[in-house]
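*Asks:* Pasting a structure below so you can have a look.
The values are calculated or read from the model by the stated rules, or taken from the named source; none is laboratory data. What you see is a predicted model; the values in this text were computed from it and never measured. When we count neighbours, we look across all protein chains shown, and the Cβ atoms used for this are built from the backbone with ideal geometry, even at glycine.
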Amino acid sequence: MSREILSFQAVDISALAKSLKSQLDTHEGRPGHVSLLNMLARGAGYRNFQHFRAQATALDRLENPGPAAIPLPEVDFARVRRLLRHFDEAGRLIRWPNKFNEQATCLWVIWSRLPARESFTEQGISRLLDGMHSFRDFALLRREMVEQGLVSRTPDCRDYRRIERQPPPDALALIRYLGPRLHRAV
């Protein structure tokens, strides 16, 4: 068990001594460790040792704050709502967006549906992608996913694998909102 080090300070040492003498006079027998801690804390103006420790800990946290919490990136829900129009009721991508940043976010949805840590042939990944969109261009999706670093492929195009990465906040929100559509379609 690690020992907690707490700084003890009394404003008036004379008042501390008087308080200790008074408490020792009324205590039956020789005081134990916890009783002495409580007596010292009361002599310094605290209710008991736990009160002293709580105050010391709170003061330490105020004077020595930990690292600042990293703020979570904000989700642009208006953008997510606009992106939902690129998907049908079954959660399939129905059109390839014109804007690159919309394309990238929509590809994260496709990425999230690829099995992790599995290897696919070109035909195997094409079959998977074919079921995730309705505009019949799995080659475009496959190529874009490789170019954007979502899927890796060998130089001979025989092995495709999903690259594990953290999706951006807007993509995570889009994936979450499209989840119920997948369950309705099944």
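*Asks:* Give the residue, chosen from Ala78, Ala56, that is outside any loop (DSSP other than H, G, I, E, B), in contact (Cβ under 8 Å) with a residue 24 or more places away in the chain and over 20 Å from the mean Cα position of the chain (by Cα).
*Replies:* Numbers: Ala78 fails: in contact (Cβ under 8 Å) with a residue 24 or more places away in the chain.
None of the others qualify; the one that does is Ala56.
*Asks:* Sticking with this one: Go over the candidates Arg143, Arg95 one by one and state the one that is touching a His at 6+ places or on another chain (Cβ under 8 Å) and of a type outside the set (Val, Ile, Thr).
*Replies:* The conditions single out Arg95.
*Asks:* Test of understanding: among Ala69, Ala90, which residue is surrounded by 15 or more Cβ atoms within 10 Å (Cβ to Cβ) and closer than 30 Å to Val109 by Cβ?
*Replies:* On the way: Ala69 fails: surrounded by 15 or more Cβ atoms within 10 Å (Cβ to Cβ).
Exactly one of Ala69, Ala90 is surrounded by 15 or more Cβ atoms within 10 Å (Cβ to Cβ) and closer than 30 Å to Val109 by Cβ, namely Ala90.
*Asks:* Checking Gly45 against (1) in the same structural domain as Leu114 (by TED's automatic domain parsing); (2) in a loop (DSSP other than H, G, I, E, B); (3) surrounded by 15 or more Cβ atoms within 10 Å (Cβ to Cβ): exactly one of these is not met. Which one?
*Replies:* (1)
*Asks:* Please find, within segment 102-132, the residue that is farthest from Leu174 (Cα to Cα) out of those that are out of contact with any helix residue (DSSP H, G or I) (no Cβ under 9 Å at 6 or more places or on another chain) and not in a loop (DSSP other than H, G, I, E, B).
*Replies:* Filtering segment 102-132 for residues that are out of contact with any helix residue (DSSP H, G or I) (no Cβ under 9 Å at 6 or more places or on another chain) and not in a loop (DSSP other than H, G, I, E, B), the one farthest from Leu174 (Cα to Cα) comes out as Gln123.
*Asks:* On to the next question. Give the residues of segment 147-176 that are under 21 Å from the mean Cα position of the chain (by Cα) and small (Gly, Ala, Ser), sorted by residue number.
*Replies:* Answer for segment 147-176, where residues must be under 21 Å from the mean Cα position of the chain (by Cα) and small (Gly, Ala, Ser): Ala171, Ala173.
*Asks:* Same structure, new question: Taking Leu16 and the conditions (1) part of a loop (DSSP other than H, G, I, E, B); (2) touching a residue at least 12 places away in the same chain (Cβ under 8 Å); (3) at negative phi; (4) not basic (Lys, Arg), which numbered condition does it fall short on, given that it satisfies the others?
*Replies:* (1)
*Asks:* Further question: Please go through segment 141-186 and pick out each residue that is at positive phi and either assigned to a helix (DSSP H, G or I) or modelled with pLDDT of 95 or more (or both).
*Replies:* Filtering segment 141-186 down to residues at positive phi leaves 149, 157.
The answer is Gly149, and nothing else.
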